[in-house]
Amino acid sequence: MSRTLVFVETQDGKIKKASREALALALSGPVPVAVVTFAEDGADLAAGLSGVPTLFHVTGAGDIYQPDIHAATLENLIRENGIKTVVAAHSARSRDLFPRVAARVKAGLVTDCVAVNLEEMCAVKPVYSGKLLARIKVNAGVNLFTLRPNVFPAEIPEGKGIPEVVAVSAADVPARCRVVEVAAGAAGRVDLTEAAVIVSGGRGIKNKENFALLQELADVLNAGVGASRAAVDAEFAEYNMQVGQTGKVVNPKLYVACGISGAIQHFVGMKTSKVIVAINKDPEAPIFKKADYGIVGDLFEIVPLLKAELEKALN
Amino acid sequence: MNIFVCIKQVPDTEASLSVEGGRKVRESGLKWVISPYDEYALEAAIQLKEKTAGSTVTAITVGPARADGVLRTALAMGATAAVHVETDSELDHHAIAACLAAAVRSCGEPDIILAGKQAIDVDAGVLPLFLAQVMDLPAASGVIAMEVTDGLAKVEREIEGGARERIEMALPCVIGATKGLNTPRYPSLMGIMKAKKVEVKKFTPAELNVESLEPALLLESLSVPEEKAPGRVIEGEPADAVRELVRLLRDEAKVL
Ligand SMILES: Cc1cc2nc3c(=O)[nH]c(=O)nc-3n(C[C@H](O)[C@H](O)[C@H](O)COP(=O)(O)OP(=O)(O)OC[C@H]3O[C@@H](n4cnc5c(N)ncnc54)[C@H](O)[C@@H]3O)c2cc1C
Ligand SMILES: Nc1ncnc2c1ncn2[C@@H]1O[C@H](COP(=O)(O)O)[C@@H](O)[C@H]1O
């Protein structure tokens, strides 16, 4: 019988939440599940994977992600084990790895899914920057899905027994696209695409220094800090903070937009947030038509008040 | 250098979209543009050409007749040639990659192929890597910085939380561009005049020997997502409004 393969990523020795969402989906599906990890200490994950029969632990892939080697390794794993379905979080890693694997095995690949039915083998994904939803049936011998973070439940049902750990050697292929260095980002920064809470600033923040105000609010909420394109283009914020059509698509449970007007190109990047809060001094700003809760006022007054009030509420 | 850029025509980012027949975007009245990330690819290609004497930039698109528009824009920006693989079929990415690969080869051996990291219609973000595999070339996508010297491309891509991978690839290679790589130029008036005179090479997928394979993906339906009901503005003095907001976030929305 065929198996669903789940590609998991780890952080500090634990499976990342977004990967657990993929695992939970696979476990709810019709066939047994196998997990694959490239993490050096991946064999240790077995203890936490009750109900999963197999853990493929790839060794010898090196401590740096090498796209060609990882892709060839997954290709071999899929072919040798007759795997027909692979799922993963839609993460920076899978965005690079899955298209490479799909091209190698001529798979059907649906990226950034918000719903997947593993029985009918179909998925729903936002298209046209989320202005429309596409329902797609996969139709190839091997099919791959990457899941938008924070959409699928992450609870993994208790199962029986821990997986058999199968060591897999990394494919012995040259790294033609050679990652020579990974330069770390700012320490402790929450990645926006997986963040549960985001505080974002727009042109209304007025300058780079004022983003510290948002960072303080974010720290209270354990949130990531985002920005509108206007804030990025004015160099108040870095591009990797941009939310929207030509930035990141985010999906937190809480999105706080400060000094952002709510242009459609921004809105499409954050509209699936569970709750949107807008703080803007212009009562006519379009963001108020889209926000769940709004406060009309000067963000330089409101944001510090909000920070203080949240500190009280959360302690 | 023999430089190629893959560009796709998409609805203008401002457009609000509707669906007809359950699985097609209603096209009447739509304004069409080059997919934004492809503009970064185009700009990078034109800058490379300007740096290396005797280079050509060939823009390629796979799409219906109307997609000719993006090729004209690319030519007006500074591309030197254009290829249109004309088809009304909805091709999947394996087929698009096969068309693009064949179109590139019809113009000789590439030194570098640029594309956007993602087309903002299908939002797949896969094609540069598919194309590289079909052509057996190294590739990196989501590239925010690049330098090409002596047959080597040194690029950077952003991964998570602001971290960056520095990557080296021998040419020929495929690069998927993203914002941050450069600032795309506007077409000049002279460019627009010149673009009108360029003859676009046309092919059908069949002429490029791309057999009509069984598609890997089938679009079953397109729909407009439900919009949530408009929310409310919390009135009152700032301090009161903020207190009420926190209460609502905790007790009503339950997100704290
Ligand atoms: C192809 C294309 C792609 C795009 N992609 C993106 C994208 O990915 N992401 C994105 O965000 N945009 C994108 N845009 C740009 C988008 O159209 C808007 O221009 C942009 O989102 C506006 O940013 P903003 O809301 O910060 O600025 P503005 O529209 O200038 O709004 C600033 C707001 O701040 C408020 N304000 C000012 N001072 C204060 C204060 N003291 N207190 C409270 N409120 C205050 C003002 O009332 C105003 O509403 C794109 C545009 C195009 C054409
Ligand atoms: N039909 C097409 N014609 C030309 N280029 C394309 C086409 N489809 C995708 N591309 C290129 O591939 C990139 C990524 O597209 P996608 O994988 O569809 O999101 C786009 O930004 C384009 O540069």
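B:Lys49 passes every criterion in (1) within 16 Å of ligand 1 (Cβ to nearest atom); (2) without any contact (Cβ under 8 Å) to a residue 60 or more places away in the chain apart from (1).
Being in the same structural domain as A:Asn143 (by TED's automatic domain parsing), surrounded by fewer than 24 Cβ atoms within 10 Å (Cβ to Cβ) and free of Cβ contacts under 8 Å to residues at least 12 places away in the same chain is a description that applies to A:Asp12.
Residues checked against (1) away from ligand 2 (no atom under 12 Å from the Cβ); (2) of a type outside the set (Gly, Ala, Ser); (3) in a loop (DSSP other than H, G, I, E, B):
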position: B:Ala124; (1), (2), (3): no, no, yes
position: B:Val155; (1), (2), (3): yes, yes, no
position: B:Gly176; (1), (2), (3): no, no, no
position: B:Pro184; (1), (2), (3): yes, yes, yes
position: B:Lys194; (1), (2), (3): yes, yes, no
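Entry remark, segment B:117-129: residues being within 16 Å of ligand 1 (Cβ to nearest atom) and without any contact (Cβ under 8 Å) to a residue 12 or more places away in the chain number 1 in total. Among the conditions (1) at negative phi; (2) touching a residue at least 12 places away in the same chain (Cβ under 8 Å); (3) within 9 Å of ligand 1 (Cβ to nearest atom), A:Asp233 misses just one, which is (2).
Could you identify the single residue in B:Thr13, B:Thr61 that is modelled with pLDDT under 95 and of a type outside the set (Gly, Ala, Ser)? Before the answer, list the steps.
On the way: B:Thr61 fails: modelled with pLDDT under 95.
The unique qualifying residue is B:Thr13.
Among the residues of segment A:108-124, some residue qualifies, meaning at least one is open to solvent by 30 Å² or more (accessible area, probe 1.4 Å), in contact (Cβ under 8 Å) with a residue 24 or more places away in the chain and among the β-branched types (Val, Ile, Thr). Quick check on segment A:81-95: of everything there that is within 13 Å of the chain's Cα centre (by Cα) and open to solvent by 10 Å² or more (accessible area, probe 1.4 Å), which residue is farthest from the other protein chains (Cβ to nearest Cβ)? Among those residues, the one meeting the criterion is A:His90. Elements of the type strands (runs of 3 or more DSSP E) sitting completely within segment A:38-145 and holding at least 3 residues that are out of contact with any Phe, Trp or Tyr (no Cβ under 6 Å at 6 or more places or on another chain): these cover A:54-59, A:85-89, A:108-113, A:122-127, A:132-138.
Please go through segment B:132-148 and give me each residue that is part of a strand (DSSP E or B) and either modelled with pLDDT under 95 or among the aliphatic types (A, V, I, L, M) (or both), ordered by number. Break it down stepwise before answering.
Start the filter on segment B:132-148 by keeping residues that are part of a strand (DSSP E or B), which leaves B:139-148.
Hits for segment B:132-148 are B:Ala139, B:Ala140, B:Val143, B:Ile144, B:Ala145, B:Met146, B:Val148.
Modelled with pLDDT under 95, under 30 Å from B:Leu17 (Cα atoms) and in contact with a Phe, Trp or Tyr (Cβ under 9 Å, 6 or more places away or on another chain) - does that describe any residue in segment B:214-229? No: zero hits. Scanning segment A:41-69 for residues that are within 14 Å of chain B (Cβ to nearest Cβ) and open to solvent by 10 Å² or more (accessible area, probe 1.4 Å) gives A:Gly62, A:Asp63, A:Ile64, A:Tyr65, A:Gln66, A:Asp68, A:Ile69.
Just checking, does segment B:132-149 include any residue being more than 30 Å from A:Glu238 (Cα to Cα), away from ligand 2 (no atom under 16 Å from the Cβ) and of a type outside the set (Asp, Glu)?
So in segment B:132-149, the residues more than 30 Å from A:Glu238 (Cα to Cα) come out as B:133-137.
Among the residues that remain, those that are also away from ligand 2 (no atom under 16 Å from the Cβ) are: B:136.
Within this subset, residues satisfying the condition of being of a type outside the set (Asp, Glu) are none.
No, that holds for no residue.
The requirement of being under 26 Å from A:Ser129 (Cα atoms), among the acidic types (Asp, Glu) and surrounded by 13 or more Cβ atoms within 10 Å (Cβ to Cβ) is satisfied by B:Glu220. Of the numbered criteria (1) within 30 Å of A:Asp191 (Cβ to Cβ); (2) assigned by TED's automatic domain parsing to the domain that holds B:Asp121; (3) open to solvent by less than 30 Å² (accessible area, probe 1.4 Å), the one B:Ala195 fails is (1). Filtered by the rule that a residue be in a helix (DSSP H, G or I) and within 7 Å of chain A (Cβ to nearest Cβ), segment B:214-243 gives B:Pro238, B:Ala239, B:Ala241, B:Val242, B:Arg243.
Return a yes/no flag: does segment B:99-116 have any residue that is within 16 Å of ligand 1 (Cβ to nearest atom) and crowded, with 23+ Cβ neighbours inside 10 Å.
Here is the first cut: in segment B:99-116, the residues within 16 Å of ligand 1 (Cβ to nearest atom) are B:116.
After this cut, where a residue has to be crowded, with 23+ Cβ neighbours inside 10 Å as well, the list is B:116.
Yes, segment B:99-116 has at least one match.
Among all positions in segment A:96-109, there is no residue which is more than 7 Å from chain B (Cβ to nearest Cβ), over 27 Å from B:Leu17 (Cβ atoms), touching a Gly at 6+ places or on another chain (Cβ under 6 Å) and not polar (S, T, N, Q).
The values are calculated or read from the model by the stated rules, or taken from the named source; none is laboratory data. Everything numeric here is computed off the predicted structure, so don't read it as measured data. All Cβ positions, glycine included, derive from the backbone under ideal geometry; neighbour counts span all protein chains shown. To get the accessible areas, we keep the full protein, side chains included, count just its heavy atoms, and leave off ligands, DNA and RNA. Shrake-Rupley method; radii C 1.70, N 1.55, O 1.52, S 1.80 Å.
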